[in-house]
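Worksheet for the structure shown next.
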Amino acid sequence: MIVMSDIISSAANAVNYRYASELGWFQIGGAVSGLDTASIVDKILELESKPLQDLNLKFEKIQLKRKAFDEVKSKLQELRDMVFDLKLRSKMMLKKASSSNEDVLEANASTIAAEGNYYLKVVSLATSSTLEGADIMSNPGIASSTAISDLTYYISPQDSTIRIYKKVGNTIDYEDVDISTTNTIQEAVDKINTALDNLFGSGAGVSSYDESTGKLIVKIDTSVAGSDAKFSITQLSGNFLETFHLDENYLEGTEVKSNAPVWAIGSNKTLQNVADYLGKTISDGTIKINGKEIEVNSSDTIDELILRINGSNAGVFAYYDYHRNKVVLTSKETGNTSITVDDNGTGIAQLLGLVSNDNGDPYFTPGKSAHIQVSVDGVNYFDVYSDSNTGIEFEGITFDVKNVSNTPVIVQVRKDSDEIKKKLKDFVDKWNEIVGYIYDKLHEEPVKDKSWDEMNDDEKMKGILKDDSYLKSLFERLKRFMFNSFDSEGNYHYLFEIGISSGDVGSSYENMMKGHIEIDEDKLDDIINNHFEELWNFLGASDDSFFPRLHSFLWDVTKFGGEIDSVAGTNGRLWREQRFLAQRIEDWVMRLNKRKEELWKKFSYMEDVISRLQAQSAWLANATVNKK
């Protein structure tokens, strides 16, 4: 049985309206007339409250719809977080190294490692002879007041915009920072700190520039920002990250620091560029390393000179460590081998610190009795020496040496096809889960064999988003990623071209309609193994590649104040509809409360009239009896 007071109270509670009947007395209906006054009043109000019940139902359904959109948003955030990792080459295009004898050595390959078989002999556990050049350039006086435009040692600075993302729990926000080349280093630091303060709270940004090391530190104070607070940085335009050598770092956490000083000289700089920086004079000619002549020209870049040294028969492996502004020569022979360098009047060996210069003397470390021999064909070996038995790096491969072995250990470097496929399979599974979820919500039928009051919360949620116009639009836009063309270098521009498609055959379009995708593993295997770089060009090499564009779309949809929030969040369309309904519900509650009071007053007056009539009737009856 419906009790009218419950209807009114329920509607009032739905909109947080404090409802209380203004009838301050006990209503005992029908004391004289014998009528069930309370039931009559309730029945009248029940009939008159139909508009209120309809409003209350609309209000509740909108509330459930907002809850349903929250669930959709949560699902899409899961996909967005997965895609964020997949658009990073270091987490997507993986390579693996396997050792044929892990008792002798273990190996790991980075994404830059060349594929193939490497044959290694661990001759001894020791170091190689090395000649570490003196600093090419020490601190040229780069202070906090230096303009960014003057930092031309590594790259020509450009006006830049970086985006700093705030991550605290599930909350993600961001602020863009515009940095001009006319800004000083300190002005750039101040801008970054202002953005961090805006994101995490006043005083959270504690970034700084260390004049002694020439390194920029981007940092937040977690005592202000919170212990779980993190930030990440991406570059929208320009080359600020490269100028300050931040681009090699994993740009997420509570602190990000330059990998090299701002005066680190880029390996693409010519020898004449370096001479101009230092105010030195050099000339073309030859230098001698271990008595072997090597041609040098002032127009050579540092990279070109390194390649020429390595291609010579000087018996050394040369590399340039721009992080420290040093050229290092490592002997290819075992034992205590010498490394000699003769500038031969060119001034170039001196410029590069391979002989004494203004910054000091080159440092020679004699080789011990241990070294590793490496070959790429199993026949021709060359020597690699190391100061440590762990973390020995060679062309993107890292070796940890454990024991001596004259029997070659084969290290295979291959594309990690299984892991790449697994990542793509996980993506496809997550995609199908979420797109399927949205499709089901759009086509889910409401419960029809129960009244609204008989349903539980899960039953009420069924069909709540059926044919929703915004969800339809979102679904269709997601599906377009299955067929859109992506501007990437190479032969792959569509998802189906790399073996990911709807899987529909013939005239069947069911999967296409549902947004379902499948992987053709044979096709994907072939692309991974034979078109590795083209695959990456399609997946994530640029902002117009598949995963970056998908991530950008998902970010716009799910971010705070994004598309879904504009529909179902605070101040969103559905929230505004609820607010309007709440006012109408409040008006109806007040109207019915007054109506209830009016009815009770009328019935009370009727009881009073009947009571008086009965009294008069009794008096007349008594008077008639007395006359007789």
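Measure off 7 Å from each Cα along the Cα-to-Cβ vector at LYS601 and SER39, then give the distance between these two points in nanometres to one decimal.
Placing both labels 7 Å beyond Cα along the Cβ direction yields 2.7 nm.
If the only charges are +1 at each Lys and Arg Cβ and -1 at each Asp and Glu Cβ, what is the size of the charge dipole of the chain around the Cα centre, to the nearest 20 debye?
Dipole about the Cα centre, nearest 20: 3340 debye.
Take the Cβ-Cβ distance between GLU510 and VAL447 as r, set R0 to 30 Å, and report the resulting FRET efficiency rounded to the nearest 0.05.
Working from the Cβ atoms, E equals 0.70.
At 7 Å along Cα-to-Cβ for each site, give me the label-to-label distance between HIS323 and LYS58 in nm.
Going from the HIS323 label point to the LYS58 one covers 6.6 nm.
Quote the charge dipole size of region 137-223 about the Cα centre in Debye, to the nearest 20; the model charges only the Cβ of Lys and Arg (+1) and of Asp and Glu (-1).
The calculation lands at about 280 debye.
Assign one of three labels to region 207-305, namely rounded, prolate or oblate, based on the Cα gyration tensor with a ≥ b ≥ c the square roots of its eigenvalues; rounded applies when a/c is under 1.5, prolate when it is not and a/b is larger than b/c, and oblate otherwise.
prolate
As an exercise, identify the chymotrypsin sites (Phe, Trp or Tyr not before Pro) in region 205-287 lying in DSSP coil whose Cβ has no more than 16 other Cβ atoms within 10 Å.
TYR250
So if each residue of separation counts as 0.36 nm, and I subtract the Cα-Cα distance between SER74 and ASP361, what length gain in nm does that give?
97.3 nm
What distance in nm separates the two pseudo spin-label positions at THR407 and ASP284, each 7 Å out from Cα along the beta-carbon direction?
Spacing of the two 7 Å Cα→Cβ label points: 5.5 nm.
Report the accessible area of ASP178, computed with a 1.4 Å probe over the heavy atoms of all protein chains in place, in Å² rounded to the nearest 10.
About 100 Å², ignoring ligands and nucleic acids.
With θ set to phi - 60° and the Karplus curve 6.51 cos²θ - 1.76 cosθ + 1.60, what are the ³J(HN,Hα) couplings of region 182-194 in order, to the nearest whole Hz, using x for Gly and Pro?
7, 5, 7, 4, 5, 5, 5, 4, 4, 5, 5, 5, 4
For every other residue with a beta carbon closer than 9 angstrom to the beta carbon of LEU550, add +1 if it is Lys or Arg and -1 if Asp or Glu, then tell me the sum.
Result for the neighbourhood of LEU550: +3.
If I histogram all Cα-Cα distances within region 84-138 using bins 10 Å wide from 0, what percent of pairs lands in each bin?
Over region 84-138, the share of Cα pairs per 10 Å bin runs 16, 29, 27, 24, 3 percent.
In sequence order, what are the phi-derived ³J(HN,Hα) couplings for region 159-167 according to the Karplus relation 6.51 cos²θ - 1.76 cosθ + 1.60 with θ = phi - 60°, rounded to whole Hz, with x for glycine and proline?
These are the phi-based 3J(HN,Hα) values: 4, 9, 10, 10, 10, 9, 9, 9, 10 Hz.
Just list whichever of LYS219/LYS326; LYS423/LYS523; LYS91/LYS219; LYS219/LYS257; LYS421/LYS441 have alpha carbons separated by over 18 Å in the model shown.
Checking Cα-Cα distances, LYS219/LYS326; LYS91/LYS219; LYS421/LYS441 exceed 18 Å.
Just subtract the alpha-carbon distance of ASN336 and ARG480 from 0.36 nm times their residue separation and send over the number in nm, one decimal.
Length gained, ASN336 through ARG480: 45.4 nm.
Beyond a 21 Å Cα-Cα separation, which of these cross-linked pairs lie in this structure: LYS430/LYS472; LYS402/LYS422; LYS58/LYS479?
LYS402/LYS422; LYS58/LYS479
Restricting the count to DSSP beta bridges whose residues both fall in the chain, what percent are antiparallel, rounded to a multiple of 5?
In the chain, approximately 100 percent of DSSP beta bridges are antiparallel ones.
Please give the calculated 222 nm ellipticity per residue for the chain, where each DSSP H segment of at least 4 residues contributes -39500 (n - 2.57) and the sum is spread over every residue; nearest 500 deg cm²/dmol?
Only helices count here, giving -12500 deg cm²/dmol.
Residue by residue through region 517-523, what is 3J(HN,Hα) from phi via Karplus (6.51 cos²θ - 1.76 cosθ + 1.60, θ = phi - 60°)? Round to whole Hz and write x for glycine and proline.
10, 9, 10, 8, 5, 4, 5
So how much slack lies between ASN491 and TRP619, counting 0.36 nm per residue of separation and subtracting their Cα-Cα distance, in nm?
Net length gain for the segment: 35.0 nm.
Relative contact order for region 168-212: what percent, with Cα pairs under 8 Å and sequence separation of 6 or more?
Reported as a whole number, the value is 34 percent.
Classify region 249-328: rounded, prolate or oblate, from the alpha-carbon gyration tensor (a ≥ b ≥ c, eigenvalue square roots; a/c under 1.5 rounded; otherwise prolate if a/b is larger than b/c)?
Oblate shape, in that a/c is at least 1.5 and b/c is the bigger or equal ratio.
Averaged across orientations, what area in nm² does the convex hull of the alpha carbons in region 405-489 project?
11.7
Determine how large the accessible area of MET590 is when every protein chain is in place; take a 1.4 Å probe and give Å² rounded to the nearest 10.
MET590 exposes around 80 Å² with every protein chain in place.
I want the local charge near GLY353. Using Cβ-Cβ distances under 13 Å, sum +1 for each Lys or Arg and -1 for each Asp or Glu among the other residues.
Residues near GLY353 contribute -3 overall.
Work from the charge dipole of region 310-467 (Cβ charges, +1 for Lys and Arg, -1 for Asp and Glu, about the Cα centre) and give the residue of ASN389, SER375, ASN359 farthest towards its positive end.
Selected residue: SER375.
Taking 8 Å as the Cα distance limit and 6 or more residues as the minimum spacing, I'd like the relative contact order of the chain as a percentage.
About 21 percent, as a whole number.
Relative contact order of region 445-508: what whole-number percent is it, with Cα pairs under 8 angstrom and at least 6 residues apart?
After rounding, I find 20 percent.
Looking at region 252-398 from every direction and averaging, what is the projected area of its Cα convex hull in nm²?
Hull-based average projected area comes out at 10.8 nm².
Carbon and sulfur atoms: what percent of the 1.4 Å accessible area of the chain do they account for?
46
Rolling a 1.4 Å sphere over the protein heavy atoms, what is the accessible area per residue of the chain, to the nearest Å²?
Ligands and nucleic acids excluded, the figure is 49 Å² per residue.
Which one, ALA114, VAL168, TRP619, is farthest towards the positive end of the dipole of the chain when Lys and Arg carry +1 and Asp and Glu -1 on their Cβ?
TRP619
Once each part is reduced to its C-alpha centroid, what is the distance from region 290-345 to region 237-281 in angstrom?
First find each Cα centre; the distance between them is then 22 Å.
Could you size up the charge dipole of region 505-628 around its Cα centre, putting +1 on the beta carbon of Lys and Arg and -1 on that of Asp and Glu, and report it in debye to the nearest 20?
Approximately 2800 debye in magnitude.
Looking at region 155-263, what % of the alpha carbon pairs are farther apart than 21 Å?
Counting pairs separated by more than 21 Å, the tail of P(r) holds 27 percent.
What FRET efficiency comes out for the pair VAL428/ASN198, r = Cβ-Cβ distance, R0 = 41 Å, nearest 0.05?
Plugging the Cβ-Cβ distance into 1/(1 + (r/R0)^6) gives 0.60.
What FRET efficiency comes out for ILE112 versus SER566 if R0 is 56 angstrom and r is the Cβ-Cβ distance? Round to the nearest 0.05.
0.85
Could you list, bin by bin from short to long, the percent of Cα-Cα pairs of the chain in 10 Å steps?
Spelled out per bin, shortest first, that is 3, 11, 15, 17, 16, 11, 8, 6, 5, 3, 2, 2, 1, 1, 0, 0.
Considering the dipole of the chain built from charges on the beta carbon (Lys and Arg +1, Asp and Glu -1) around the Cα centre, which of ALA264, SER545, VAL83 is farthest to its positive end?
Value computed over the given set: VAL83.
The values are calculated or read from the model by the stated rules, or taken from the named source; none is laboratory data. Small disclaimer: the values here were computed from a predicted structure and weren't measured. In this analysis, Cβ positions are derived from the backbone assuming ideal geometry, glycine residues included, and neighbour counts consider all displayed protein chains. Side chains are part of the model used for accessible areas, which takes the heavy atoms of the whole protein and leaves out ligands, DNA and RNA. Shrake-Rupley method; radii C 1.70, N 1.55, O 1.52, S 1.80 Å.
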